[in-house]
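Report on the structure given below.
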Amino acid sequence: MFGKRSYGVIAVGILLVMTLFLLLFGSRLFTDIEEEAHITQENRIVVGVSQLGSESGWRTANTESVQNAFTQQNGYFLIFHNARQKQENQLKAIRSFISQRVDYIIFSPVVETGWETVLQEAKEAGIPVILMDRKVDVEDESLYVTCVGSDFEEEGEKAGHWLEGELVRQNRSSQSVNIVILAGTEGSSSQIGRSAGFATVADRHGNWNILEEKCAEFTSTKGKEVMKTFLRRYPDIDVVVSQNDDMTFGAIEAIKESGRTVGVNGDIMIISYDALGDALEMVADGAINVDIECNPNQGEYLLEVIDMLEAEEPIEKRYYVEEDVFTIENVTEEVLNGRTY
Ligand code: GZL
């Protein structure tokens, strides 16, 4: 219908109209978007979160709970940073939150020490700091408002108490028991607390021999590697205490590859922490004897704390999340179907 020349004229005409539109309204268009972003950010509470990494299934669930809590719909502008297990990355992230003048800083400290200076900087900037999951070891506790997390020492004691009861049940409470411990990130409050809590109970039993405690970084790869070392060094291990499920998964692989068996009817008892859904399946199957829950769903607790701070209500120094202990006796279908992580 139209010759080639006509199509060319039409194309040039459309280009001219579009250019004219952008010249007249383009700057306003972008300004509107920018202002909109600025306005929405202005009307929202800006929270800077430094997450320590993504080393485990627990950490993934913890991150999801934070991201599901601090949403635009809930009135928040979330700046989220993953430090990939490095404290220096967390320090950089916190300083960038300070320079961006966020309303709140939340972080899960990868280790307990080395935070005084940056927390002092946040305090001088008038930005409240909330600890998530793990604690910091500081002289001046006014450097942070509160901590939402677990009582790791209690978790360690729960593991010890379970083993006490189990050995009585097996009529082995006076026999020699050889124990190895896969520890989490050295210097993290979860590792410090769980090790201390279990040791408190173990110290009451002269027949419990802790052959070795070794860091396996809360990862399944390292858990398998360290367990292989333990199996080479100690031919008669009775109990593995693994400070998270990811290390447990790796350890069980190593034990099975060595020809030994695990769990309720196995050679080696498995005590684990976190209570991830996949691990609870293994509790139900009898491969893991007991799993001490560590609840990663802290987003709602953090949201409530900030609501209280916004309303200038009094704040506790610590808020503990609810946690349970799982064995084959209480891991029901309902529990398994109800797991959110
Ligand atoms: C516990 C948390 C630990 C988990 C691990 O609160 O700090 O770190 O037990 C995670 O799975 O890596």
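The values are calculated or read from the model by the stated rules, or taken from the named source; none is laboratory data. In this text the structure is predicted, and so the values were computed from the model without any measurement. Using ideal geometry, Cβ is built from the backbone for each residue, glycine included, and neighbour counts are taken over all protein chains shown.
Cβ-Cβ contacts under 8 Å between residues 6 or more apart (or on different chains), taken from a first residue in region 315-327 that is touching a residue at least 24 places away in the same chain (Cβ under 8 Å) to a second residue that is of a type in the set (Phe, Trp, Tyr), are listed as Tyr319/Tyr301; Val321/Tyr301; Val325/Trp162; Thr327/Trp162. In region 180-190, the count of residues that are surrounded by 23 or more Cβ atoms within 10 Å (Cβ to Cβ), away from the ligand (no atom under 16 Å from the Cβ), in contact (Cβ under 8 Å) with a residue 24 or more places away in the chain and of a type in the set (Val, Ile, Thr) is one or more.
Does Ser54 count as within 13 Å of the ligand (Cβ to nearest atom) and of a type in the set (Gly, Ala, Ser)? When the stated conditions are applied, Ser54 passes them.
Scanning region 80-126 for residues that are surrounded by fewer than 21 Cβ atoms within 10 Å (Cβ to Cβ), assigned to a loop (DSSP other than H, G, I, E, B) and away from the ligand (no atom under 16 Å from the Cβ) turns up Gln100, Arg101, Asp103, Gly114, Ala125, Gly126. Taken over region 257-274, the criterion of being away from the ligand (no atom under 16 Å from the Cβ), hydrophobic (A, V, I, L, M, F, W, C) and in contact with a Gly (Cβ under 7 Å, 6 or more places away or on another chain) is satisfied by Val264 alone.
Contact map, region 138-154: residues that are closer than 15 Å to Phe107 by Cα paired with residues that are of a type in the set (Phe, Trp, Tyr) and surrounded by fewer than 23 Cβ atoms within 10 Å (Cβ to Cβ), Cβ distance under 6 Å, separation 6+ or inter-chain. Pairs shown: Val148/Tyr301; Val148/Tyr319.
The set of residues from region 280-292 being more than 10 Å from the ligand (Cβ to nearest atom), surrounded by 18 or more Cβ atoms within 10 Å (Cβ to Cβ) and not in a helix (DSSP H, G or I) comprises Ala287, Ile288, Asn289, Val290, Asp291.
Considering only residues that are polar (S, T, N, Q) and either in contact with a His (Cβ under 9 Å, 6 or more places away or on another chain) or surrounded by fewer than 19 Cβ atoms within 10 Å (Cβ to Cβ) (or both), which ones fall in region 58-77?
Within region 58-77, Thr60, Gln67, Asn68, Thr71, Gln72, Gln73, Asn74 qualify.
Exactly one residue out of Phe218, Phe198 is closer than 17 Å to His161 by Cβ and within 16 Å of the ligand (Cβ to nearest atom): that is Phe198.
Out of Val335, Val262, Val331, Val283, one residue alone is within 23 Å of Asn209 (Cβ to Cβ) and among the aliphatic types (A, V, I, L, M). It is Val262.
For (1) in contact with a strand residue (DSSP E or B) (Cβ under 7 Å, 6 or more places away or on another chain); (2) over 30 Å from Leu309 (Cα atoms); (3) within 16 Å of the ligand (Cβ to nearest atom), each residue gets a yes or a no:
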| site | (1), (2), (3) |
| --- | --- |
| Glu155 | yes, no, yes |
| Lys158 | yes, yes, yes |
| Asn171 | no, yes, no |
| Gly193 | no, no, yes |
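Filtered by the rule that a residue be surrounded by fewer than 16 Cβ atoms within 10 Å (Cβ to Cβ) and more than 16 Å from the ligand (Cβ to nearest atom), region 127-152 gives Glu139, Asp140, Glu141, Ser142. Evaluate the following for Ala61: is it in contact (Cβ under 8 Å) with a residue 40 or more places away in the chain, out of contact with any helix residue (DSSP H, G or I) (no Cβ under 9 Å at 6 or more places or on another chain) and within 16 Å of the ligand (Cβ to nearest atom)? Yes: the conditions hold for Ala61. I'm told Ala61 meets every condition in (1) among the hydrophobic types (A, V, I, L, M, F, W, C); (2) modelled with pLDDT of 95 or more; (3) not in a helix (DSSP H, G or I) except one. Can you identify the failing condition by its number? In the conditions (1) among the hydrophobic types (A, V, I, L, M, F, W, C); (2) modelled with pLDDT of 95 or more; (3) not in a helix (DSSP H, G or I), Ala61 misses (3) alone.
Of all the residues in region 310-323, those that are surrounded by 14 or more Cβ atoms within 10 Å (Cβ to Cβ) and either of a type in the set (Asp, Glu) or over 18 Å from Gly149 (Cα atoms) (or both) number 1.
Of all residues in region 161-170, those that are within 16 Å of Glu293 (Cβ to Cβ) and free of Cβ contacts under 8 Å to residues at least 60 places away in the same chain total 1.
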